[in-house]
Structure formats: C-alpha cells, structure tokens
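Take a look at the structure below.
The values are calculated or read from the model by the stated rules, or taken from the named source; none is laboratory data. This one's a predicted model, so the numbers in the text were calculated from it and none came from an experiment. Using ideal geometry, Cβ is built from the backbone for each residue, glycine included, and neighbour counts are taken over all protein chains shown. Heads up: the accessible areas ignore ligands, DNA and RNA and are worked out on the full protein's heavy atoms, side chains in. Shrake-Rupley method; radii C 1.70, N 1.55, O 1.52, S 1.80 Å.
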Amino acid sequence: MSDQLLPTTVVGSYSVPEWLERAKTDFHEGRISRTSLNEIYETAIKAALKDQERAGVDIVSDGELRRDNDIDYFLERIPGIELPKLAKVHYYDYYDAAVRAPLPSPSDVEGLQLVRDFQFTREQTDRPIKFSFTGPFSLSKRIRNEAYGDSEELVLDIARHLNREARDLAAAGAALLQIDEPFLAGYPEAVPLAVKAINIVVAGVDVEWALHICYGNRHARPAWEGHYDFLFPAIMDAGVDQLVLEFARKGYDDVALFKKYHPPFKLGLGVIDVKSEIVETPELVASRVERALAVIDPESIIVNPDCGLRHLPGKIALAKLRAMNAGAALVRARVEGLSTPLSSRAQTLSPRA
C-alpha cells in the first residue's frame with residue numbers, strides 16, 4: 001500500500017462536524033431528502049480527505065462520514081435483516097434490527113453497494129485508501145436473533161455477505177480493506193468464532209487486510225477495559241496482514257505480546273488518544289513509536305490513532321494527525337540514519353523508552 005517506512009494512516013472515521021450531525025438527524029426526521037443528504041456527505045468527505053492530506057497522512061479514508069454509527073450502515077444493506085423503524089430521534093442511535101429467517105445466499109441477492117463509496121473516494125484523492133467495514137461478530141451483537149438456533153450460524157452467514165462485498169470492492173480497485181470488531185473486547189471467549197468468521201470474509205480476496213480491535217469508542221468512552229492477551233493465541237490464525245490496536249490511551253505493555261507470540265502480521269500501532277482533546281506533541285508520538293520498535297522491526301509497524309476520530313472537534317483531529325505524522329517522521333529519520341542493524345538496535349532499547 002505504501003513504500004514509506006513507518007507509514008501513517010487513520011483507523012477509519014473522521015471528525016463529524018456539527019452541521020453534518022444536524023443534517024443526518026434532519027434526514028431521519030424527514031426534514032431533508034436523501035438526495036440533499038448525499039450532496040452534504042460528498043462535501044464532508046472531500047473536506048475530510050483534504051484534512052488528512054494537509055496533515056501528511058500516507059493512507060487516507062473517507063472518514064466514514066456517510067455512516068450514522070459503526071453498525072446501521074451495514075445492517076440496513078444486508079438482505080434478510082429487518083429494521084422495523086427507520087426513523088431516529090438522533091442519527092447516532094442504533095436501529096432495532098432483527099432477523100426472523102435465515103439470511104439468503106449472497107449469490108441470490110444484491111450486495112451491500114459499498115463500491116460506490118469507495119469509487120467516490122478514489123476520485124477525490126491520489127493517495128492510497130483504507131476502506132473499512134464492521135466485522136460479522138460485532139454486527140451480530142446488534143441483531144435480535146429469531147431465526148438461528150445457534151448464534152454462530154448468524155455470524156458466519158453475515159461473514160459470507162461481507163466476503164461477497166469484499167470481492168466487489170477488490171474488483172473495483174480497493175487494495176487495503178479493514179475489518180472492525182469493536183465488540184470483541186467485551187466477549188473474549190468469542191475470539192475463536194470471530195477468527196473463523198474473519199477468515200470467511202477474507203477468503204479469496206487478494207488485497208491487504210487489516211483487522212482493528214479496540215475497547216470501544218462510543219461517545220468517546222471505552223466500553224471495556226483490559227489487555228490484548230485475550231486475543232492470543234487464537235488471533236494467530238486470522239488471515240489478515242495487519243492487526244490494528246489501541247495503545248495511546250491504555251499504555252504500551254501489550255506490545256510485548258508481539259515479542260511473545262511472533263504473530264504473522266504487522267502492527268497498526270495506536271499513538272493518538274482519540275478519547276482526549278489534548279493534542280500530543282510530535283516528541284510524545286515519537287516516544288510511543290520507539291516503545292514498539294523495542295520489540296518490532298520498523299518494516300512491520302503502521303502508525304495510526306487508537307481508533308476513529310469521529311468524536312473530536314475538527315481542529316483537534318487535524319492537529320492530532322499533524323502531530324502523528326511529525327512524530328513518525330522523527331522516528332523515520334532516526335531509523336534511516338542508523339548504521340547498526342535494526343535487530344541489534346531493538347535489543348538495546350528499553351521496553352519503556
């Protein structure tokens with residue numbers, strides 16, 4: 001995706017302006033049309049991309065600005081999932097979704113139509129794009145299951161629909177797809193099931209795959225606390241290329257898991273706390289990257305915020321991305337200027353540098 005050492009990217013969502021929040025709610029309350037809302041979305045996405053480019057982000061996203069939250073945009077597009085009430089008091093609320101019969105085969109129905117979103121983003125920027133969607137396990141947790149005796153089958157059926165959509169996205173030119181599983185930290189016993197479903201999603205789709213797992217970011221608050229050891233060793237079987245994790249808010253002790261287990265994927269290293277409006281300095285970001293370099297080679301690190309930036313004011317989000325890129329550049333300059341082998345350097349750095 002990027003030849004840059006220590007490339008920078010975003011997790012997915014970008015700051016939602018107050019005027020966009022009002023427009024979203026106005027649509028759900030019937031005060032503006034879908035056509036008008038789509039025009040507003042296009043303006044917001046162009047602005048989000050411009051901010052990321054101004055900040056120097058290497059791999060950008062559409063800011064997920066068409067999406068009310070991390071669930072509804074996908075559930076309303078999966079055939080067989082019922083949404084009895086489409087109006088919302090506030091755009092960010094969840095629909096009351098249900099499934100009353102097994103989902104149809106993906107080959108028998110229309111897909112989720114995410115390709116149009118990707119194509120619009122591709123037309124607005126020359127930079128590499130990360131395109132994300134919520135994973136099957138998390139989507140299943142917001143559905144009232146009245147059709148499957150075993151909830152595992154619901155998860156796997158959703159995964160099959162996402163796989164069909166991923167194939168369409170890859171055919172349209174998407175090169176980096178990210179699966180978000182924001183609910184998984186609350187159900188650590190479900191990691192083997194989530195991995196099974198993820199492997200259905202990625203099957204036969206020749207792109208770079210990222211998997212993002214955090215501790216929740218609804219209303220800029222964590223839903224759970226803990227450590228990422230719950231993922232191991234089951235996560236080692238996930239057919240992904242990157243594991244994108246949050247660290248800035250919770251600390252960097254869990255980076256040691258990459259030394260303990262030697263997973264076969266790169267680390268998307270969270271260096272920006274998205275739950276705080278305090279803007280990190282480039283030096284603080286650099287120190288966080290150095291912590292990871294104590295155990296992971298720089299070729300295996302992607303630098304990103306902990307999670308999406310949707311709850312931060314626009315000026316704060318932009319300032320944080322600028323600090324992230326400046327910090328990554330500081331470390332990049334140091335690494336590229338080394339005369340000693342990187343593996344030797346990693347052994348000399350303190351894990352708490």
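Any residue at all in the range 34-43 that's of a type in the set (A, V, I, L, M), under 25 Å from His161 (Cα atoms) and free of Cβ contacts under 8 Å to residues at least 40 places away in the same chain?
Pass one, the range 34-43, residues of a type in the set (A, V, I, L, M): 37, 40.
Checking the rest, the ones that are also under 25 Å from His161 (Cα atoms) come to none.
Checked the range 34-43: no residue is of a type in the set (A, V, I, L, M), under 25 Å from His161 (Cα atoms) and free of Cβ contacts under 8 Å to residues at least 40 places away in the same chain.
Across the range 86-140, what is the total count of residues that are of a type in the set (Ser, Thr, Tyr) and touching a Gly at 6+ places or on another chain (Cβ under 8 Å)?
So the count comes out to 1.
Filter the range 111-156 down to the residues that are touching a residue at least 40 places away in the same chain (Cβ under 8 Å) and hydroxyl-bearing (Ser, Thr, Tyr) and list them by number.
The answer is Thr121, Thr125, Ser132, Thr134, Ser138, Tyr148.
Applying the selection to the range 41-50, what residues are touching a helix residue (DSSP H, G or I) at 6+ places or on another chain (Cβ under 6 Å) and open to solvent by 30 Å² or more (accessible area, probe 1.4 Å)?
Passing the criteria: only Lys46.
Given the conditions (1) crowded, with 18+ Cβ neighbours inside 10 Å; (2) of a type in the set (Asp, Glu); (3) more than 20 Å from Asp62 (Cα to Cα), which single one is not true for Asp297?
Every listed condition holds for Asp297 apart from (1).
Looking at (1) at pLDDT 95 or above; (2) small (Gly, Ala, Ser); (3) over 14 Å from the mean Cα position of the chain (by Cα), can you tell me which one Ala220 breaks?
Result: Ala220 passes all but (1).
In the range 131-151, is there at least one residue being under 19 Å from Ala170 (Cβ atoms) and polar (S, T, N, Q)?
We begin by selecting, within the range 131-151, every residue under 19 Å from Ala170 (Cβ atoms); these are 131-136.
Filter once more, so that each one left must be polar (S, T, N, Q): 132, 134.
Within the range 131-151 (the criterion being under 19 Å from Ala170 (Cβ atoms) and polar (S, T, N, Q)), the answer is yes, since at least one residue qualifies.
Residues of the range 8-40 being surrounded by 20 or more Cβ atoms within 10 Å (Cβ to Cβ) and not aliphatic (A, V, I, L, M), which ones?
Thr8, Thr9, Gly12, Ser13, Tyr14, Ser15, Lys24, Phe27
Would you tally the residues in the range 75-85 being part of a loop (DSSP other than H, G, I, E, B), among the charged types (D, E, K, R) and open to solvent by 70 Å² or more (accessible area, probe 1.4 Å)?
So the answer is 2.
Okay, residues lined up against (1) closer than 30 Å to Thr43 by Cα; (2) touching a His at 6+ places or on another chain (Cβ under 9 Å):
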{"position": "Pro102", "(1), (2)": "no, no"}
{"position": "Phe118", "(1), (2)": "yes, no"}
{"position": "Phe133", "(1), (2)": "yes, no"}
{"position": "Leu139", "(1), (2)": "yes, no"}
{"position": "Val155", "(1), (2)": "no, no"}
{"position": "Leu169", "(1), (2)": "yes, no"}
{"position": "Ala174", "(1), (2)": "yes, no"}
{"position": "Leu177", "(1), (2)": "yes, no"}
{"position": "Glu181", "(1), (2)": "yes, yes"}
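For the range 280-291, does any single residue satisfy the condition of being modelled with pLDDT of 95 or more, over 21 Å from the mean Cα position of the chain (by Cα) and loosely packed, with under 14 Cβ neighbours inside 10 Å?
Yes, that holds for at least one residue.
Considering the range 94-138 alone, what residues qualify as being of a type in the set (Gly, Ala, Ser) and within 20 Å of Glu152 (Cβ to Cβ)? Before the answer, list the steps.
To start, the set of residues in the range 94-138 that are of a type in the set (Gly, Ala, Ser) comprises 97-98, 101, 105, 107, 111, 132, 135, 138.
Listed by number, the residues that qualify are Ala97, Ala98, Ala101, Ser105, Gly135, Ser138.
Is it the case that the range 259-274 has a residue that's hydrophobic (A, V, I, L, M, F, W, C) and open to solvent by 20 Å² or more (accessible area, probe 1.4 Å)?
no
Would you check if Leu330 is at pLDDT 95 or above and either open to solvent by 30 Å² or more (accessible area, probe 1.4 Å) or over 25 Å from the mean Cα position of the chain (by Cα) (or both)?
Spelling it out, Leu330 is indeed at pLDDT 95 or above and either open to solvent by 30 Å² or more (accessible area, probe 1.4 Å) or over 25 Å from the mean Cα position of the chain (by Cα) (or both).
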